Amino acid sequence: MQVGSYVICVDDSNWDILAYVVMTNLPEKGKVYRVRRVILDFTKISDEEGIALDGIYGDWGIFKTHSNKKVFEEYHFRKSRFREIENPTLIEDVFEKIDLLCEV
C-alpha cells in the first residue's frame, strides 16, 4: 500500500475503546477508502505498517518507539484491517460520462 492507494475495509470488529475517542470516525467493513498516509512500524509491537485514510482523522499524540524515543504521530489503523483494490470507478465519474454523452 502507498499514498493514494484505494483499500476496502475487511475488518471493523473489536475496536479499542480509545479508537472511539481519538478518531473522527471509524472505517466500516465493505467500504472503500483512499490511503492518505503510510505510517512505518516504529513500536515493534507488530510487523505491520499503519495507514491513515482520507476523510478519517486521528488525534496526534506522543508514542514511545522500540528504542525508547518519543515521536509525535497521528493515531491510525492497522494495515491488516484493509485490502488494497484497483482504482474504483466512482459513481460521480459515471454520471459525468453520461452527461457528456447526452450533450453530443
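Only the coordinates and a few stated rules stand behind these numbers; no lab work does. No experiment lies behind these values; they were computed from the predicted model shown. Virtual Cβ from ideal backbone geometry, glycine too; neighbours counted across all protein chains shown.
Taking R0 as 25 Å, what FRET efficiency do you get between Ser5 and His66 from their Cβ-Cβ distance, rounded to the nearest 0.05?
After rounding, the FRET efficiency stands at 0.45.
Tabulate in residue order the Karplus-calculated ³J(HN,Hα) for region 71-82, using 6.51 cos²θ - 1.76 cosθ + 1.60 with θ = phi - 60°, rounded to whole Hz; enter x for Gly and Pro.
10, 9, 9, 7, 5, 8, 10, 5, 4, 5, 7, 9
Once phi is turned into ³J(HN,Hα) by the Karplus curve 6.51 cos²θ - 1.76 cosθ + 1.60 with θ = phi - 60°, what whole-Hz value does each residue of region 4-19 show in order, with x for glycine and proline?
For region 4-19, the Karplus curve yields x, 5, 9, 9, 10, 6, 10, 8, 10, 9, 6, 5, 4, 4, 5, 4 Hz.
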